[in-house]
Amino acid sequence: MPPPKPAGTRRYLITLAATETPSTGRGLAAAAADTARRARGLQAEAERLGLADHLVWIGPPTAFGMVPVACSAELVEALRTSPVVARIEAEAD
């Protein structure tokens, strides 16, 4: 269950871009581990953009390259052009 979202944030489902680094195994567990590794890259990208404090929460990664987050609209706009993100969808409030 995600934590309550602070004012000025919204929940999004971010599809992470594929990486050149091959997965460490096969199956759903390996795919989820790969997504978790790429989600750490999302945190690093927010830091690189100087907007790490806008990233409130990163949820558990899926085996399909997606991760739920709670963050500001400003960070979302900055991430739209980032090479670590393939797609961003706003979740229903």
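The values are calculated or read from the model by the stated rules, or taken from the named source; none is laboratory data. Values in this document were obtained by computation on a predicted structure and should not be read as measured data. Backbone-built Cβ (ideal geometry, glycine too); neighbour counts: all protein chains shown. These area figures cover heavy atoms from the full protein model, side chains too; ligands, DNA and RNA do not enter into them. Shrake-Rupley method; radii C 1.70, N 1.55, O 1.52, S 1.80 Å.
If you go through segment 71-92 and keep only what is touching a strand residue (DSSP E or B) at 6+ places or on another chain (Cβ under 7 Å) and assigned to a loop (DSSP other than H, G, I, E, B), you end up with R80, V84, E91. Within segment 11-31, residues that are among the aliphatic types (A, V, I, L, M) and modelled with pLDDT under 90 reach partners that are open to solvent by 80 Å² or more (accessible area, probe 1.4 Å) and outside any helix (DSSP H, G or I) with beta carbons closer than 7 Å, at six or more positions or on different chains, in the pairs A17/P83; A30/T24. Counting only residues that are touching a helix residue (DSSP H, G or I) at 6+ places or on another chain (Cβ under 8 Å) and part of a helix (DSSP H, G or I), which one in segment 43-59 is least open to solvent (accessible area, probe 1.4 Å)? Among them, the one singled out is A46. Quick one: is P68 in contact with a strand residue (DSSP E or B) (Cβ under 7 Å, 6 or more places away or on another chain), at pLDDT below 85 and surrounded by 14 or more Cβ atoms within 10 Å (Cβ to Cβ)? Taking the combined requirement at face value, the residue does not satisfy it. Return yes or no: is T62 in a loop (DSSP other than H, G, I, E, B), among the β-branched types (V, I, T) and modelled with pLDDT under 90? Yes, satisfied.
Could you tell me whether V56 is touching a Lys or Arg at 6+ places or on another chain (Cβ under 8 Å), of a type in the set (A, V, I, L, M, F, W, C) and modelled with pLDDT under 90? Considered against the rule, which asks whether it is touching a Lys or Arg at 6+ places or on another chain (Cβ under 8 Å), of a type in the set (A, V, I, L, M, F, W, C) and modelled with pLDDT under 90, V56 comes out as yes. Pairs are defined by a Cβ separation below 6 Å, a sequence spacing of at least 6 or placement on different chains, a first member in segment 73-90 that is at positive phi, and a second member that is open to solvent by less than 70 Å² (accessible area, probe 1.4 Å) and outside any helix (DSSP H, G or I); no pair meets this definition.
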